[in-house]
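The values are calculated or read from the model by the stated rules, or taken from the named source; none is laboratory data. Given the structure is predicted, the values throughout are model-derived calculations rather than measurements. Virtual Cβ from ideal backbone geometry, glycine too; neighbours counted across all protein chains shown. Surface areas here come from the heavy atoms of the whole protein model, side chains and all, with no ligands, DNA or RNA. Shrake-Rupley method; radii C 1.70, N 1.55, O 1.52, S 1.80 Å.
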Amino acid sequence: MSEIADRHRRLAAAFADKVAAVPDDRWSSPSPCEGWTALDVVRHTCATPGMFLGYVGRSAPEGPPVDDDPVGAYAAARDAVQVCLDDPEVATQGFEGFFGPTTFEEAIDRFLCFDLLVHGWDLARATGQDEHLDPADVERARAAADAFGPALRSEGVCGAEVEVGPDASAQDQLLAYLGRRP
């Protein structure tokens, strides 16, 4: 198994733990993503994998509806991606991506692993959970964000950078760069 498969497994497990820990009365709580609730964050993380699976001729499995079973819906989406990452033939399958030629595993690392980390923080913030991010993941996400260039500020991606003080942690600097108020 690849480093990317392992990273996805770890980040997806952390995100799944956050989904499972959301109190029933917090699903409608506003998230740091403008106009999104906590449930909308999970809905997004359940929908996005299908796009990447489609690039390699796979389809997202039918899972339970997010509104009825966020935990089960996320598990179905997560597992479909992980099966492909754990299969070297599928993981290394190439396609024309947003930024040129890429492979399934590279796209998952660049986009979904990034999403799992950042939206994990969004979900934690919206639902009163632990917001701490692993420093190595923060560093990797910052490099990915920088590599997105102007696309990072496209509509529906990230908002304008938020100002933080010069003594802000690397995590807070990343979140502020992504338009979040740490």
Would you please list the contacts, defined by Cβ atoms under 7 Å and residues six or more apart or on different chains, that run from a residue in segment 134-151 that is without any contact (Cβ under 8 Å) to a residue 40 or more places away in the chain to a residue that is exposed (fewer than 11 other Cβ atoms within 10 Å of the Cβ) and part of a helix (DSSP H, G or I)?
none
Looking at THR92 and the list (1) touching a strand residue (DSSP E or B) at 6+ places or on another chain (Cβ under 7 Å); (2) surrounded by 15 or more Cβ atoms within 10 Å (Cβ to Cβ), which single condition is not satisfied?
(2)
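Out of the residues in segment 169-182 meeting the condition of being assigned to a helix (DSSP H, G or I) and hydrophobic (A, V, I, L, M, F, W, C), tell me which one is most open to solvent (accessible area, probe 1.4 Å). Steps first, please.
Step one: list which residues in segment 169-182 are assigned to a helix (DSSP H, G or I), which gives 170-177.
Subset that is hydrophobic (A, V, I, L, M, F, W, C): 170, 174-176.
On the way: ALA170: 68, LEU174: 1, LEU175: 1, ALA176: 1 Å².
Of everything passing the filter in segment 169-182, ALA170 is most open to solvent (accessible area, probe 1.4 Å).
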Subset of segment 117-151, residues farther than 18 Å from ALA20 by Cα, modelled with pLDDT of 95 or more and either in contact with a Lys or Arg (Cβ under 6 Å, 6 or more places away or on another chain) or not aliphatic (A, V, I, L, M) (or both), comes to ASP134, PRO135, ASP137, GLU139, ARG140, ARG142
Close pairs (7 angstrom Cβ cut-off, 6 or more residues apart or separate chains): over 17 Å from VAL22 (Cα atoms) in segment 53-73, among the β-branched types (Val, Ile, Thr) and surrounded by fewer than 18 Cβ atoms within 10 Å (Cβ to Cβ) anywhere
VAL56/VAL90
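Could you identify the single residue in GLU155, GLU106, GLU131 that is in a loop (DSSP other than H, G, I, E, B) and open to solvent by 80 Å² or more (accessible area, probe 1.4 Å)?
On the way: GLU106 fails: in a loop (DSSP other than H, G, I, E, B); GLU131 fails: open to solvent by 80 Å² or more (accessible area, probe 1.4 Å).
Criteria check complete, one pass: GLU155.
Give the residue that is nearest to ASP17 (Cα to Cα), with candidates limited to residues of segment 74-103 that are small (Gly, Ala, Ser) and touching a Gly at 6+ places or on another chain (Cβ under 9 Å).
To start, the set of residues in segment 74-103 that are small (Gly, Ala, Ser) comprises 75-77, 80, 91, 94, 97, 100.
Filter again for touching a Gly at 6+ places or on another chain (Cβ under 9 Å), leaving 75-77, 80.
On the way: ALA75: 10, ALA76: 14, ALA77: 15, ALA80: 18 Å.
Here the answer is ALA75.
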Which of the residues belonging to segment 139-150 are open to solvent by 40 Å² or more (accessible area, probe 1.4 Å) and either of a type in the set (Val, Ile, Thr) or closer than 19 Å to CYS113 by Cα (or both)?
GLU139, ARG140, ARG142, ALA143, ASP146, ALA147
Residues of segment 16-35 being open to solvent by 50 Å² or more (accessible area, probe 1.4 Å), part of a loop (DSSP other than H, G, I, E, B) and either without any contact (Cβ under 8 Å) to a residue 12 or more places away in the chain or in contact with a strand residue (DSSP E or B) (Cβ under 7 Å, 6 or more places away or on another chain) (or both), in sequence order, are SER28, GLY35
Determine whether ALA13 is among the aliphatic types (A, V, I, L, M), open to solvent by 30 Å² or more (accessible area, probe 1.4 Å) and in a helix (DSSP H, G or I).
yes
Give me a count of the residues in segment 158-168 that are more than 20 Å from the chain's Cα centre (by Cα), small (Gly, Ala, Ser) and loosely packed, with under 14 Cβ neighbours inside 10 Å.
1
